[in-house]
Amino acid sequence: MSRLGNLGARLYRGEVGYDFIGKRKIWYGVSILITITAILGVVVSGLNMGIEFKGGAVFTTDTKAKISVSQAHEVAAEASGHEAIVQELGNGGLRIQITEVDTAKADQIKTELSDELGIPEAKINADLVGPSWGEQIANKAWTGLGIFMILVVIYLAIAFEWRMAVAALIALIHDITITVGVYALVGFEVTPGTVIGLLTILGYSLYDTVVVFDSLKEGSKGITKQTRWTYSEIANRSINSTLVRSINTTVVALLPVAGLLFIGGGVLGAGMLNDISLSLFVGLAAGAYSSIFIATPLVADLKEREPQIKALKKRILAKRAAAAAKGEPVEDERDDRARDFTEDAETAGAVVGQPRQPRGHGRTPGNRR
């Protein structure tokens with residue numbers, strides 16, 4: 001078994017574990033700091049909205065220009081008075097994108113580009129893009145996002161409970177805010193592909209959160225009928241038991257996205273891949289983080305405000321304090337988890353036809369006196 005697989009088995013059995021819930025204030029502080037930074041990035045730097053949202057013109061050439069891409073960028077920016085995006089196409093031609101220009105201005109820019117690029121004006125194709133299409137896309141995206149959030153809250157409230165629904169909603173908003181903030185800070189262009197990427201990461205973030213919630217739901221059944229574990233300890237055990245699965249899922253999802261972002265967009269220069277790959281990369285990482293460090297600790301905080309759960313915690317702590325005062329060993333939740341896992345394994349062995357070992361400390365029933 002690999003080291004990661006062995007670690008996952010030990011985490012599942014409760015032999016090892018990290019106190020995620022106990023250090024939740026640290027995670028809350030880190031998340032608040034990151035979120036504030038993201039919001040400040042949007043407010044100060046703003047989003048670099050693409051031509052689909054601002055409107056403008058796109059000029060493409062089928063033949064190779066006499067000047068370089070950087071020189072073409074300077075010419076286009078000077079001719080239009082606006083920032084231009086220049087990309088080299090596979091056939092050697094250029095794609096020049098300029099925002100916020102009208103038809104008259106587009107014709108003037110086309111003439112100047114023809115002179116500077118050394119390409120006949122007839123071989124430069126100009127397409128005007130109106131901002132209304134981008135506004136429609138944005139409005140539909142906001143509508144879809146709102147409907148998605150409502151359906152998520154309703155589903156989680158029915159399948160689990162309202163506290164988990166609230167925690168998942170906060171985690172989703174956390175992921176979107178961080179992703180949008182990164183776009184503002186790095187200055188990547190926001191296009192319809194970016195919107196698609198943002199909507200895509202919501203499903204992944206929710207999936208990772210539901211996996212932990214399902215483990216927590218199973219582990220907390222009949223919690224008030226026992227005095228071994230508090231709700232926070234069960235929540236922490238749920239995170240640890242699914243931790244390796246979350247890490248594996250996130251890494252597998254991030255690898256192809258990283259290929260698009262760093263190799264496709266960075267090395268190969270396919271800038272059009274950056275708009276969707278950056279949102280996916282940041283969103284997937286933020287989704288994995290929020291499901292472990294935000295959503296589940298929030299559920300534990302909300303749940304332990306219930307009178308029954310609060311009273312249970314007091315009983316458990318009092319029991320442990322009394323045992324410690326008497327010098328009796330206090331069972332750790334990991335010991336209980338390991339014992340439960342052993343009992344389950346023995347039961348499973350009996351089911352498949354293997355004899356279950358007696359619990360007589362090595363003595364058979366016939367040797368008892």
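The values are calculated or read from the model by the stated rules, or taken from the named source; none is laboratory data. The model shown is predicted, which means the values in this text are computed figures rather than measured ones. As a convention, Cβ positions derive from the backbone with ideal geometry for all residues, glycine included, and neighbour counts pool all protein chains shown. Surface areas here come from the heavy atoms of the whole protein model, side chains and all, with no ligands, DNA or RNA. Shrake-Rupley method; radii C 1.70, N 1.55, O 1.52, S 1.80 Å.
Odds and ends about this structure:
- Taking the conditions (1) modelled with pLDDT of 80 or more; (2) open to solvent by less than 90 Å² (accessible area, probe 1.4 Å); (3) in a helix (DSSP H, G or I) in turn, Leu151 satisfies each one other than (2).
- Among the residues of region 304-321, not a single one is at pLDDT 90 or above, in contact with a helix residue (DSSP H, G or I) (Cβ under 6 Å, 6 or more places away or on another chain) and surrounded by 21 or more Cβ atoms within 10 Å (Cβ to Cβ).
- Some residue of region 179-189 being touching a strand residue (DSSP E or B) at 6+ places or on another chain (Cβ under 7 Å), at negative phi and modelled with pLDDT of 85 or more: yes
- Flag if Ser80 is among the polar types (S, T, N, Q), farther than 30 Å from Leu298 by Cβ and in contact (Cβ under 8 Å) with a residue 24 or more places away in the chain: yes
- Members of region 177-196 found to be among the aliphatic types (A, V, I, L, M) and open to solvent by 30 Å² or more (accessible area, probe 1.4 Å), listed by number: Val180, Val182, Leu185, Val186, Ile196
- Out of Thr200, Thr227, sole residue that is out of contact with any Asp or Glu (no Cβ under 7 Å at 6 or more places or on another chain), open to solvent by 20 Å² or more (accessible area, probe 1.4 Å) and part of a loop (DSSP other than H, G, I, E, B): Thr227
- For region 43-52, a residue qualifies if it is open to solvent by 50 Å² or more (accessible area, probe 1.4 Å) and either in contact with a helix residue (DSSP H, G or I) (Cβ under 7 Å, 6 or more places away or on another chain) or outside any helix (DSSP H, G or I) (or both), and the qualifying residues are Ser45, Leu47, Asn48, Met49.
- Every test in (1) in contact (Cβ under 8 Å) with a residue 24 or more places away in the chain; (2) open to solvent by 40 Å² or more (accessible area, probe 1.4 Å); (3) under 18 Å from Ala295 (Cα atoms) is passed by Ile158 save one, and that test is (1).
- Residues in region 83-124 that are surrounded by 17 or more Cβ atoms within 10 Å (Cβ to Cβ) and part of a helix (DSSP H, G or I): Lys105, Ala106, Ile109, Lys110, Leu113, Ser114, Glu116, Leu117.
- Which numbered condition Ser220 fails, given (1) open to solvent by 30 Å² or more (accessible area, probe 1.4 Å); (2) more than 15 Å from the chain's Cα centre (by Cα); (3) closer than 20 Å to Tyr155 by Cα: (1)
- Every residue from region 322-339 that is modelled with pLDDT of 65 or more and surrounded by 11 or more Cβ atoms within 10 Å (Cβ to Cβ): Ala322, Ala323, Ala324
- Gly56 meets all of the listed conditions (1) of a type outside the set (D, E, K, R); (2) at pLDDT below 80; (3) within 25 Å of Ala184 (Cβ to Cβ); (4) open to solvent by less than 40 Å² (accessible area, probe 1.4 Å) but one, namely (2).
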